[in-house]
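Derivation of every value follows stated rules applied to the coordinates shown; laboratory data play no part. Only a predicted model underlies this, so the values are computations on that prediction, with no experimental measurement involved. Cβ coordinates were reconstructed from backbone atoms using ideal geometry, including for glycine residues, and neighbour counts include every protein chain displayed.
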Amino acid sequence: MSLITKNIVFMLGMMAFLAIAGCATTSTPTTPMIPQTPQTDCPADLALKIEPQSPLMNCDVAAPKLYGYYKGYCQNGKAHGQGKAIGKDAYEGQFINGSPHGQGVYMWGDGKCFTGQFKQGVPQIPHVGCEVADPRLRGTYSGECRGGKASNRGKAVGIDTYQGEFLDGVLNGQGTYVWPNGDRYIGQFKQGEADGRGVMRYADGVEETGLWQNGELVK
């Protein structure tokens, strides 16, 4: 057998081996990374209560639900630097010009928390899907989108769960909102709040039905 013939036979053998190896190799499908839902266990030293040594608001805090008491650094009459604000909700961490900005811990009135980064008052909670404005609903979104924001019908799952209508990432229209303790509101929403006809069904069996405005039952 000539040298050329031997080379041809060798190359054909290698090609056959590679073809068999390629068929035997299977690729592992990749699973998309789903962000963890916001941390809900609050640090033991962060309590939604007024500390005896906490002064009245001597520095402006931009978030209405944090207005009440403030302890920390100020600049030009605004919370700036490390501080702690307590109102209906509580926040401890970095402020810039009155807004939570930087590393901090936010505690909602029902005791749920988010620990992480804030930007101009907005917690930077990891999220998959179209943008949802309510930080408690950031986590995953499935449904219709427009301009990168949840629109029309969809479902958002974070600390809380909402399924219904959206407008530019905000709850708007008919929907169902469920809290971790089992409370749920079924009815109309406007600009992110219960607004219109609806029923609030509490986990203990109590119901409130009527006309809602800005999240409050008015009649």
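Inter-label distance, Val206 to Trp179: 1.1 nm, where each label sits 7 Å from its Cα along the C-beta direction. Using a cut-off of 21 Å between Cα atoms, the listed pairs Lys149/Lys219; Lys190/Lys219; Lys65/Lys219; Lys78/Lys119; Lys65/Lys190 include Lys149/Lys219; Lys65/Lys219 as exceeding that distance.
Over the C-alpha atoms of segment 66-106, the Rg to Rh ratio, Rh being the Kirkwood estimate, stands at 0.91.
Evaluated with a Cβ-only charge set (Lys, Arg +1; Asp, Glu -1), segment 127-219 carries a dipole of roughly 240 debye about its Cα centre, given to the nearest 20. Taking Cβ atoms as reference points and 14 Å as the exclusive limit, the residues near Ile96 contribute a net charge of +1, counting Lys and Arg as +1 and Asp and Glu as -1.
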